[in-house]
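The values are calculated or read from the model by the stated rules, or taken from the named source; none is laboratory data. Since we're looking at a predicted model, the values are computed, not measured. Don't worry about glycine lacking a Cβ; one is built from the backbone with ideal geometry, like all the others, and counts go over all protein chains shown. Each accessible area value is taken on the protein alone, full model and side chains, heavy atoms only, with ligands, DNA and RNA left out. Shrake-Rupley method; radii C 1.70, N 1.55, O 1.52, S 1.80 Å.
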Amino acid sequence: MAGNTTTDAERLVERVRTLRTEQPVGNALLDRLRDDTLTVEHLKRFVAVEEKAHHAELAVYGLFMTRFPYRPAVDFYAKLSELIAGAQPKLLECAGALGMDEGDMLRWPPQAETYAFNSTLSWIALTGSQASGALALHTDMTIYFSGCADIAAGVRQKGIPVPEEFFTYYDGGHSDELMRQALETVQDGLNRGDDPDEAVFRARLLEESIGGFWRAAANTRAE
């Protein structure tokens with residue numbers, strides 16, 4: 001997808017971006033940072049919600065590879081699986097440095113929003129098209145990694161006492177290679193006849209579910 005020609009996949013990304021601008025989902029953890037109400041307890045919840053997402057993601061990427069066992073889709077989901085498998089030990093190190101163990105994260109936080117992302121992504125993987133899944137994950141990487149980087153920067157700036165392992169895990173950003181693979185997988189799906197409107201619809205739903213991810217971590221229901 002080199003050159004200056006805009007692809008159909010890139011047009012779908014722009015449609016999702018327009019929805020984001022017109023109807024922002026928000027990030028409750030960043031809201032807490034701005035309001036000076038973010039505590040280490042919220043960051044522990046953040047780690048626990050993340051840990052649950054990992055289990056869903058690994059199953060989902062395997063399902064996507066089973067449903068679309070050809071390139072570029074299978075290469076994209078194999079790379080995502082490798083990313084999550086490599087991230088799990090680092091997340092558990094982060095949890096341990098925060099004073100948590102795996103038992104502390106079991107069934108916690110208990111509210112349904114903890115599983116909103118898992119549920120929506122699993123539904124997309126079970127019933128969605130190739131373009132829908134890849135556009136949803138392009139959206140996920142776009143907002144999740146930037147949100148994590150903003151949270152880590154805010155935690156540093158405000159001097160919230162967290163171990164270095166927190167920054168090791170949450171600093172950084174998305175992979176340009178993965179973003180490229182996501183777009184290629186979307187485009188290949190469109191070329192195979194996938195419905196572009198359905199892809200945008202499901203990508204937006206996943207973005208809204210990530211809003212639930214942030215709210216579960218921020219424990220907004222308790223207020």
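Descriptive notes on the structure:
- For the range 35-44, 3J(HN,Hα) per residue [Karplus equation, 6.51 cos²θ - 1.76 cosθ + 1.60, θ = phi - 60°, Hz, x = Gly/Pro]: 8, 6, 10, 7, 10, 4, 4, 5, 5, 5
- Theoretical FRET efficiency, 1/(1+(r/R0)^6), r = Cβ-Cβ of residue 55 and residue 5, R0 41 Å, to 0.05: 0.55
- Solvent-accessible area per residue, Å², over the chain with all protein chains present [probe radius 1.4 Å]: 46 Å²
- With all protein chains in place and a 1.4 Å probe, the accessible surface of the chain carries 52 percent carbon and sulfur.
- For the range 107-116, Karplus couplings with θ = phi - 60° (6.51, -1.76, 1.60), whole Hz, Gly/Pro x: 6, 9, x, x, 6, 4, 5, 4, 10, 4
- Distance histogram for the range 91-188 (every C-alpha pair counted, 5 angstrom bins, percent rounded to whole numbers): 2, 12, 14, 16, 20, 17, 11, 6, 2, 0
- Per-residue ³J(HN,Hα) for the range 119-128, Karplus 6.51 cos²θ - 1.76 cosθ + 1.60, θ = phi - 60°, Hz, x for Gly and Pro: 5, 5, 5, 5, 5, 4, 5, 6, 10, x
- Over the chain: helical MRE at 222 nm, DSSP H runs n ≥ 4 each giving -39500 (n - 2.57), nearest 500: -25000 deg cm²/dmol
- Label-point separation in nm, residue 36 to residue 90, each point 7 Å along Cα→Cβ: 3.3 nm
- For the peptides 186-195, 145-154, residues were scored by their other Cβ atoms within 10 Å and the scores averaged per peptide; the highest-first order is 186-195, 145-154.
- The range 1-53: C-alpha gyration tensor shape, a/c 1.5 cut-off, then a/b vs b/c: prolate
- Between the range 39-118 and the range 139-215, the alpha-carbon centres lie 13 Å apart.
- Here the translational diffusion coefficient of the chain follows from Stokes-Einstein with Rh set to the Kirkwood radius across Cα pairs; for 37 °C and 0.692 mPa s it amounts to 183 µm²/s.
- FRET efficiency, 1/(1 + (r/R0)^6) with R0 45 Å, evaluated for residue 197 and residue 167 via beta carbons: 0.65
- Fluctuation leader among 16, 25, 47 - the chain, Gaussian network, Cα springs under 10 angstrom: 25
- Note on residue 160 and residue 20: the model spin-label points, each 7 Å out from Cα along the C-beta direction, lie 2.1 nm apart.
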